[in-house]
1. Would you mind telling me which numbered condition in (1) open to solvent by 20 Å² or more (accessible area, probe 1.4 Å); (2) touching a residue at least 12 places away in the same chain (Cβ under 8 Å); (3) of a type outside the set (D, E, K, R) Ser175 fails?
2. Please state which one of Phe111, Phe120, Phe128 is surrounded by fewer than 19 Cβ atoms within 10 Å (Cβ to Cβ) and of a type in the set (Phe, Trp, Tyr).
3. Anything in segment 182-206 that is touching a residue at least 60 places away in the same chain (Cβ under 8 Å), near the ligand (Cβ under 10 Å from one of its atoms) and polar (S, T, N, Q)? List them, or say none.
4. Wholly within segment 7-88, which helices (runs of 4 or more DSSP H) include no fewer than the required count, namely at least 2 residues that are surrounded by fewer than 19 Cβ atoms within 10 Å (Cβ to Cβ)?
5. Restricting the first residue to segment 100-122 and requiring it to be of a type outside the set (Lys, Arg), which pairs with a second residue that is in a helix (DSSP H, G or I) and exposed (fewer than 15 other Cβ atoms within 10 Å of the Cβ) meet a Cβ separation below 9 Å and a spacing of at least six or different chains?
6. So for segment 76-86 (the condition being without any contact (Cβ under 8 Å) to a residue 40 or more places away in the chain and over 23 Å from Tyr44 (Cβ atoms)), does at least one residue qualify?
7. Which one is farthest from Arg18 (Cα to Cα) among residues in segment 34-52 that are within 15 Å of the ligand (Cβ to nearest atom) and of a type in the set (A, V, I, L, M)?
8. Can you find even one residue in segment 121-139 that is in contact with a Lys or Arg (Cβ under 6 Å, 6 or more places away or on another chain) and modelled with pLDDT under 95?
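The values are calculated or read from the model by the stated rules, or taken from the named source; none is laboratory data. Small disclaimer: the values here were computed from a predicted structure and weren't measured. All Cβ positions, glycine included, derive from the backbone under ideal geometry; neighbour counts span all protein chains shown. The accessibility values were calculated without ligands, DNA or RNA, using every heavy atom of the protein model including side chains. Shrake-Rupley method; radii C 1.70, N 1.55, O 1.52, S 1.80 Å.
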Amino acid sequence: MSNESTRVTQSGRYSPLRYPGGKGKVARFMCEVIRLNGLSDGLYVEPYAGGAAVAWELLITGVVRRVAINDVSRPVYAFWMSVLHRTEELCKAIDSIPLTVDEWDRQREIFLDHTGADEFKLGLAFFFLNRTNRSGILNAGVIGGRNQTGKWKIDARFNKGDLISRIKKIAALRSRVELTGMDAQEFFAEKAGNWNPNTLVYIDPPYYEKGRYLYYDAYAPEDHKSIAESVFRLTHVSWVVSYDDVRPIHDLYSDTSWLQYTLNYSARNASRGKEAMFFSDGLKVPSLPLPLLETARCINAKPLSGGNRVVV
Ligand SMILES: C[S@@+](CC[C@H](N)C(=O)[O-])C[C@H]1O[C@@H](n2cnc3c(N)ncnc32)[C@H](O)[C@@H]1O
């Protein structure tokens, strides 16, 4: 069975981007976190936005009033810039782009010339590859193969009408969006001082183990450590961190509340790894909604007693 058939929902309902490990499914949970903690009137921030699936869902459904999204990747930033500020031009380009392997080659060349390419063209090339590559992974090949002999073809994930409508929905709310393209550490250093206590920051860094394979901008172990240090300095706002569920990350966040979960997929996908979330002190943590299946939680980890550990 092709990957394409099993990844249908990874972009969530509102993001036009497909993201490996995309967080569309986390949106309902984050919505509950916001309601339970009275943060609806505040700012929702994603320092590692990628497809920003959660941010768009919260904004479009009116759960939050303002979002700030940041991503260091120039192609990702370029794409969101075009969505927000060159909407018509981008939608026209998407509408007229041929879905062929020749075009894939052309867009790939533009994409690989990260530094030289014009911002609009780079954003479009990134989007094109995101929608036409296997599983949305940028260094994977084209869906269906170069000879287009696979069951799924290059256009399998490129429904132009639907994608254009997603882009327009987001663009209509541009006055409520702040977009930046900084390194997350710089972003914290420059922006966090302006966030008020009503702010929820959702930190979804590249995975500890799979990051190198999935993303161009992956982290080394010491980067994860220094990000954790920055996160712990965010004492005046609420935050949630998500990761692959691995020992070194639990060690970094050992004093915080956490929960482990898995995606409740069919047996065919049972090999998918578990993930973990960590929470700022005092944040009320709701249950995870299906298809996220909570496997263990430890809330209020801080007290020396070892906290209120519940393993399910
Ligand atoms: C796990 S993905 C985020 C997925 C996202 N939550 C979604 O819903 O699609 C990680 C993202 O972090 C970005 N990134 C990697 N290193 C970064 C850094 N140092 N600063 C900011 N963003 C970074 C990558 O470009 C990638 O888009």
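1. The one condition Ser175 does not meet is (2).
2. Values: Phe111 fails: surrounded by fewer than 19 Cβ atoms within 10 Å (Cβ to Cβ); Phe128 fails: surrounded by fewer than 19 Cβ atoms within 10 Å (Cβ to Cβ).
Just a single option satisfies the conditions, and that option is Phe120.
3. Selection gives nothing.
4. Here the list reads 27-36, 74-85.
5. Phe120/Glu89
6. Initially, segment 76-86 is screened for residues without any contact (Cβ under 8 Å) to a residue 40 or more places away in the chain, giving 86.
Right, trim to over 23 Å from Tyr44 (Cβ atoms) and you get 86.
Looking for residues that are without any contact (Cβ under 8 Å) to a residue 40 or more places away in the chain and over 23 Å from Tyr44 (Cβ atoms), one finds at least one in segment 76-86, hence yes.
7. Taking the candidates together, the pick is Val45.
8. yes
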